[in-house]
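Just below is one structure, and these are the notes that go with it.
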């Protein structure tokens, strides 16, 4: 296990990275050590060709991440956060590989942000989610992509009231993929990661890409862009290996090329 500031980085089974915010005494708030650690961890994950999926979680059982460090913000007299202040995949961090949030407790404000920024989400049944910025006079411009995940009226209720929702409600509205008992969270996230690793690497990469394409473009343009995104997969060795392995009744051996 490697330590990156206030974050730990663990490689499991050669292809899965587990990134843990390790600041449980401060409810894993996004202080500078956590922010620097997450920037470093995401870079490490993206640039290691052996790693296929990352799981993001928090230390302890109370909080996944309680959000920004309000004491630090007060000390800095922080007004508008700089664009590069918080590490956000899909915004100021480019990740081509799938990510899973394993939410083990409170995911409030910036904690919601970093869970939302992951591609998939597994939550403990004790987890709670909230965008609390209205309660402290701050803002949540980063919530814009949420409209592609949950209904508009539900999004408005969450943003306007700042009231938390539990894991069952998060699952009901589509924010969370799966809810499990706290003791089962790591295993559930790893099972999801293994299911992704079992797929052909180029197909997985393109599948992740076309979701963003679909969210950002009109249908005609998105279809053309999606075809282009999948072309490397279609032309790859793996595109021949998959059908061949099926015909030969064996597991495919992916080369990612």
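A few comments on the model shown:
- Of everything listed in (1) surrounded by 13 or more Cβ atoms within 10 Å (Cβ to Cβ); (2) closer than 26 Å to residue 122 by Cβ; (3) outside the structural domain of residue 88 (by TED's automatic domain parsing), the single unmet condition for residue 165 is (3).
- Within region 239-257, if we keep just the residues that are touching a residue at least 12 places away in the same chain (Cβ under 8 Å) and within 26 Å of residue 120 (Cα to Cα), the residue that is surrounded by the most Cβ atoms within 10 Å (Cβ to Cβ) turns out to be 254.
- Contact annotation: residue pairs with Cβ atoms under 7 Å, 6 or more positions apart or on different chains, pairing a residue in region 223-238 that is farther than 21 Å from residue 254 by Cβ with a partner that is surrounded by 12 or more Cβ atoms within 10 Å (Cβ to Cβ), are 225/213; 225/217; 226/210; 226/213.
- The conditions of being in contact with a helix residue (DSSP H, G or I) (Cβ under 7 Å, 6 or more places away or on another chain) and without any contact (Cβ under 8 Å) to a residue 60 or more places away in the chain are met by residue 6.
- Segments classed as strands (runs of 3 or more DSSP E), wholly inside region 19-131, with at least 3 members that are within 21 Å of residue 149 (Cβ to Cβ), within 15 Å of the chain's Cα centre (by Cα) and modelled with pLDDT of 95 or more: 53-58, 99-103, 120-124
- Residue in region 106-116 that is touching a helix residue (DSSP H, G or I) at 6+ places or on another chain (Cβ under 8 Å) and within 21 Å of residue 195 (Cα to Cα) present: yes
- For region 132-154, filtered to residues that are assigned to a helix (DSSP H, G or I) and under 20 Å from the mean Cα position of the chain (by Cα), the residue that is surrounded by the most Cβ atoms within 10 Å (Cβ to Cβ) is 142.
- Index of the failed condition, residue 179 passing every other in (1) closer than 18 Å to residue 15 by Cβ; (2) under 18 Å from the mean Cα position of the chain (by Cα); (3) not in a helix (DSSP H, G or I): (1)
- Residues that are without any contact (Cβ under 8 Å) to a residue 24 or more places away in the chain and part of a helix (DSSP H, G or I) within region 184-210 comprise 184, 187, 191, 195, 207, 210, listed in sequence order.
The values are calculated or read from the model by the stated rules, or taken from the named source; none is laboratory data. None of the values given here were measured: they were computed from a predicted structure. Heads up, the Cβs are rebuilt from the backbone with ideal geometry, glycines too, and the neighbour counts pull from every protein chain shown.
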